[in-house]
Amino acid sequence: MQNNPLLSMVFLRPFIANLLDGSAPLPVKILEFAVDLKPQAEKRHAWGQGHAYTHADTRARRRELSIIARAGINPRIPLPVTGPVAVFTRYEFERPKSNKSPFELHTYKPDTDNLDKMTWDSLSKAGIWKDDAQVSGNIPEKVWVPHGQQSRIIVAVFALDGDVIRGC
C-alpha cells in the first residue's frame, strides 16, 4: 500500500485519541492488499424468470477479489472477525488522455459507495468478517493516477476490538 502519511493520520486520528485517553486500544491491521484491476461499481441485480440473480462478471470479480484478500491476511488474526472494523479503500483510475487537470481527485462516477459494495461483498465472501455491518469506520478515496500507470484497488482493514488485539 502506498505510504500516504496524511491519509493515515486522518484515518487513525480518532483511534489514537481514544488510545491516549485510555478508552480504546490501537487498531490492528487484519489485512492489506493492492490489486491491478480497474475499479468497478457493483452492478444491480437483474431479474429473470421470476427471480433476481447476480451478473456472472460481478460474481467472477467478487471471487477474484476474495482470493487476493485471503492472501493478504495477517496470519495472527483469528477469522472471521466478530467485532467492529475500519476499512480504508483507495480506488485508482487511469487518467483519460483528455484529462490534463493537475488535480488528483476523481469526482466522476462510479460513486465510492457503489465501489465499496463490491469490495465489502468480496471481503465477506473471503470470510474476513461475519457481516459488512461490522464496518464502523470507512474512508474511501478515488484518485486519478498519472498517465501511463495502471488502475488498481488498495484495501486495508483494521480490527477495532480489544479482544482481537489481545488474541494476537
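The alpha-carbon of residue 130 sits under 26 angstrom from the alpha-carbons of these lysines, leaving out residues fewer than 8 places away in its chain: 29, 43, 117. A simple spin-label model places the labels of residue 38 and residue 74 3.5 nm from each other, with each point 7 Å out along Cα-to-Cβ.
Residue 95 sits among other residues whose Cβ lies under 14 Å from its own Cβ, and their net charge, with Lys and Arg +1 and Asp and Glu -1, is +2.
Over region 27-166, what is the percentage of antiparallel beta bridges among all DSSP beta bridges, to the nearest 5? Don't skip to the end; give the middle numbers.
Numbers: 20 of 31 bridges.
Once the DSSP bridges in region 27-166 are tallied, antiparallel ones form about 65 percent.
Once both labels are positioned 7 Å from their Cα atoms along Cα-to-Cβ, the gap between residue 63 and residue 138 label points is 2.6 nm.
How about residue 38: which aspartates and glutamates have a C-alpha closer than 19 Å to its C-alpha, ignoring those fewer than 8 places off in the same chain? Reachable aspartates and glutamates: 57, 64, 92, 94, 104, 111, 113, 116, 121, 141.
For the pair residue 147 and residue 82, what calculated FRET efficiency results from E = 1/(1 + (r/R0)^6), where r is the Cβ-Cβ distance and R0 = 35 Å, to the nearest 0.05? Walk me through the numbers on the way to the answer.
Numbers: r = 44 Å, r/R0 = 1.26.
The pair residue 82/residue 147 has a calculated efficiency of 0.20.
Compute the Cα gyration tensor for region 27-166, then decide on rounded, prolate or oblate, letting a ≥ b ≥ c be the square roots of its eigenvalues: rounded whenever a/c is under 1.5, prolate when a/b is larger than b/c in the other cases, and oblate in all that remain. Oblate.
Only the coordinates and a few stated rules stand behind these numbers; no lab work does. Not measured: the values here are computed from a predicted model. Because the Cβ atoms are built from the backbone with ideal geometry, glycine has one as well, and the counts that use them run over all protein chains shown.
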